[in-house]
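Q: My questions will all concern the structure given below.
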Amino acid sequence: MENFNEIKSIWENGHTDSSISNITIDDVIKQHIRKKRNKNINNMILLFLMLVTLALMIGFASFQMWTTYFGLSIFLMVTCYLIYLRRNGRSKISELELLDNNEFLSILKEEKKKTCVGNTKQQTNLFILYAIGFGFYIYETASKSITSLLIGYGALAIYLLAAKFFYFPLIAKRNQRKTDEIINQINALQNQYDEKKI
């Protein structure tokens, strides 16, 4: 935000020429792409660690019931799919570098629209799969008594509802706010550039 305030101050005072404005727009875009790429790499590392952990649990841990293995297998499948999506995301991030300012703004606005509608059907499907995986995974421990069954699945239901109705919307709002900041930065600098051309 400090960078944006500095840019805004320069824009309002009119102490830049159009070449500086262009460089600054490029800098804003490059910074966004760099952050996106770093986030993608961090997510990939976490997913690979999760994949290894799940594989070790399935291969070496001893469980009494098939339901636990089935739950872990669902986690493994979803994790593999998330790694596949992140890998595809890497090439899309690289493509952003080839876009001009207007095309980049259009992509950002599309991303914002997707976030507004709850981040696609895909996220919901993955969330449901994780919920099913958790349900199978905890059954072995929870099935020892009716009380532990009720507590286990009750806690799972509360966790899933909290994630669906509080955590995911919070993340969506945060992502929208960040996208809005970048769009505002670029629009402000583009307006400054257009004024200088007149």
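Q: Among the residues that make up segment 141-159, is at least one of them closer than 25 Å to Met44 by Cα and in contact with a helix residue (DSSP H, G or I) (Cβ under 7 Å, 6 or more places away or on another chain)?
A: Looking for residues that are closer than 25 Å to Met44 by Cα and in contact with a helix residue (DSSP H, G or I) (Cβ under 7 Å, 6 or more places away or on another chain), one finds none in segment 141-159, hence no.
Q: Next up: Can you spot a residue in segment 19-40 that is assigned to a helix (DSSP H, G or I) and modelled with pLDDT of 90 or more?
A: Narrowing segment 19-40 to residues assigned to a helix (DSSP H, G or I): 19-40.
Now narrow it down to the ones that are modelled with pLDDT of 90 or more: 38.
Within segment 19-40, one or more residues are assigned to a helix (DSSP H, G or I) and modelled with pLDDT of 90 or more.
Q: Being exposed (fewer than 13 other Cβ atoms within 10 Å of the Cβ), modelled with pLDDT under 90 and of a type in the set (S, T, N, Q) is the requirement here; does Ser91 meet it?
A: Details: exposed (fewer than 13 other Cβ atoms within 10 Å of the Cβ): yes; modelled with pLDDT under 90: yes; of a type in the set (S, T, N, Q): yes.
Yes: the conditions hold for Ser91.
Okay, residues lined up against (1) small (Gly, Ala, Ser); (2) over 18 Å from the mean Cα position of the chain (by Cα):
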position	(1), (2)
Ile45	no, no
Phe63	no, yes
Thr67	no, yes
Gly71	yes, yes
Phe75	no, yes
Cys80	no, no
Lys92	no, no
Glu97	no, yes
Phe104	no, yes
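The values are calculated or read from the model by the stated rules, or taken from the named source; none is laboratory data. All figures in this text were calculated on a predicted structure; none of them were measured in a lab. Methodologically, a virtual Cβ is constructed for each residue, glycine included, from the backbone with ideal geometry; neighbour enumeration extends over all protein chains shown.
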